[in-house]
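Enquirer: Have a look at the structure that comes next, please.
The values are calculated or read from the model by the stated rules, or taken from the named source; none is laboratory data. The structure displayed is predicted, hence computed values, not measured ones. We place every Cβ from the backbone using ideal geometry, glycine too, and count neighbours over all the protein chains shown. Heavy atoms of the whole protein, side chains included, go into the accessibility calculation; ligands, DNA and RNA do not. Shrake-Rupley method; radii C 1.70, N 1.55, O 1.52, S 1.80 Å.
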Amino acid sequence: MRLAAHLVGDLCTEACEAALVVSSNSDLAAAIGEARYYARGRTIVAAHPDGVPSGACTDVVDEAIPIDAGMYRNAARLDVTRTKYRE
């Protein structure tokens, strides 16, 4: 839900010129459709693991591109920690 709200908000307030949604989940289709309606002229691209595009999402974006499914699965397993670096 939070991702959908930020997607619509950022595009509609012109905080960004384009959005890249990396997901094969069709739950974001409604938010993408709203952003498309209210933020005309902004580019929205959906990237999905090979062979798993969401028809609902691909119908409302400017472009749908496949990404390597293995890389997508491995990225989801990464432990990401924030480290504060001193200069």
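Enquirer: Go through the range 1-14 and give me each residue that's open to solvent by 60 Å² or more (accessible area, probe 1.4 Å) and in a helix (DSSP H, G or I).
Expert: Arg2, Leu3, Ala5, His6, Asp10
Enquirer: Hey, another quick one. Quick check on Gly41: is it outside any strand (DSSP E or B) and at pLDDT 75 or above?
Expert: In short, yes.
Enquirer: Here is a further query. Out of Ala35, Ala47, I need the residue that is assigned to a helix (DSSP H, G or I) and in contact with a Leu (Cβ under 7 Å, 6 or more places away or on another chain). Which one?
Expert: Ala35
Enquirer: Need pairs with beta-carbon distance below 9 Å; first residue under 30 Å from Gly70 (Cβ atoms) and within the range 35-54, second among the basic types (Lys, Arg) and modelled with pLDDT under 75; sequence gap 6+ or separate chains.
Expert: Pro49/Arg73
Enquirer: Yes or no: the range 15-24 includes at least one residue that is open to solvent by 50 Å² or more (accessible area, probe 1.4 Å), modelled with pLDDT of 80 or more and touching a Phe, Trp or Tyr at 6+ places or on another chain (Cβ under 9 Å).
Expert: Among the residues of the range 15-24, at least one is open to solvent by 50 Å² or more (accessible area, probe 1.4 Å), modelled with pLDDT of 80 or more and touching a Phe, Trp or Tyr at 6+ places or on another chain (Cβ under 9 Å), which makes the answer yes.
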